[in-house]
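Student: Encoded as structure tokens, here's the structure I'll be asking about.
The values are calculated or read from the model by the stated rules, or taken from the named source; none is laboratory data. Treat the numbers as computed from the prediction; the structure is a model and nothing was measured. All Cβ positions, even for glycine, are placed from backbone atoms using ideal geometry, and neighbour counts span all protein chains on display. SASA here: full protein model, heavy atoms, side chains in, ligands and nucleic acids out. Shrake-Rupley method; radii C 1.70, N 1.55, O 1.52, S 1.80 Å.
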Amino acid sequence: METKLFTNMVMVTTGADRVKQILMKPQNMLQWVPEISIVDEQPDGFRIQRNEAALNQTELIRVTAENNQITYMSTEGRLEYRLVFTLTNENDQTVIQEDFYIPDATDRHLPVRLLAPIAKHAFHTNLINLGSLVESMASRKE
């Protein structure tokens, strides 16, 4: 079982397919998550390294997609989590919703409830960066 810690949303003026293309390539995180310095593709996922102090200085991310959802499953860091991006078309726009889950078996030495608002803010900032990246890439291709 797992617990949802938070949800963030942003709306972009481009189609869900373009958003999905960006999310399916974790190397793109270098452009929308400023603290990530390395995304190294490995046989079992993508090794992420951060250049700033973070709860997960390094982690392994596996990416899966099903219909309108892209999931990033993070392991091998201090906090394992699942980040689910759900893409919904509304008129000519796409709502990107991210839901952040942690396993119920998470190490209780981590003050998860205290970290949740900080993490929500950081992930929301990155989601806004993702929206800006999606729109700038869309405008370059048109």
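Student: Positive end of the charge dipole of the chain (Lys, Arg +1 and Asp, Glu -1 on Cβ, about the Cα centre): tell me which of Ala122, Phe6, Ser136 has its Cα farthest that way.
Tutor: It is Ala122.
Student: Taking percent of Cα pairs over 26 Å apart as the quantity of interest, determine which of (i) 21; (ii) 42; (iii) 14 was computed from the displayed structure.
Tutor: Derived directly from the coordinates: (i).
Student: I would also like to ask the following. Counting heavy atoms of the protein chains only and a 1.4 Å probe, report the per residue accessible area for the stretch 49-103 as a whole number of Å². Write out the running numbers ahead of the final one.
Tutor: Working: 2750 Å² over 55 residues.
Solvent-accessible surface per residue comes out at 50 Å².
Student: Between Ser139 and Glu41, 0.36 nm times their residue separation minus their Cα-Cα distance comes to what? Intermediate values should be presented prior to the final figure.
Tutor: Working: separation 98, 0.36 × 98 = 35.28 nm, distance 2.81 nm.
So the extension gain works out to 32.5 nm.
Student: Only Cα pairs under 8 Å and at least 6 apart count here; give the relative contact order of the chain as a rounded whole percent.
Tutor: 32 percent
Student: Where does each of Lys25, Lys120 land when they are ordered by accessible area, with a 1.4 Å probe and the largest first?
Tutor: Lys25, Lys120
Student: Another question, if that's okay. Compute the acute angle (0 to 90°) between the alpha-carbon long axis of helix 112-141 and the principal axis of greatest extent of the alpha-carbon atoms of the chain; round to the nearest 10°.
Tutor: Once rounded, the angle reads 20 degrees.
Student: With all protein chains present, how much of the accessible area of the stretch 31-78 (probe radius 1.4 Å) comes from carbon and sulfur, to the nearest whole percent? Display every interim value, and only then the final one.
Tutor: On the way: 1190 of 2720 Å².
Carbon and sulfur atoms account for 44 percent of the accessible area of the stretch 31-78.
Student: Ok, one more. Given R₀ = 41 Å, what would the calculated FRET efficiency be for Asn51 paired with Met11, taking r from the Cβ atoms and rounding to 0.05?
Tutor: Numbers: r = 30 Å, r/R0 = 0.73.
Efficiency, from the Cβ-Cβ distance: 0.85.
Student: With every protein chain left in place, what is the accessible area of Met9 in Å² (1.4 Å probe, nearest 10)?
Tutor: 110 Å²
Student: Please check: in the Gaussian network model of the chain (C-alpha springs, under 10 Å), which one of Val84, Val112, Val19 has the largest mean-square fluctuation.
Tutor: Among Val84, Val112, Val19, the largest GNM mean-square fluctuation belongs to Val112.
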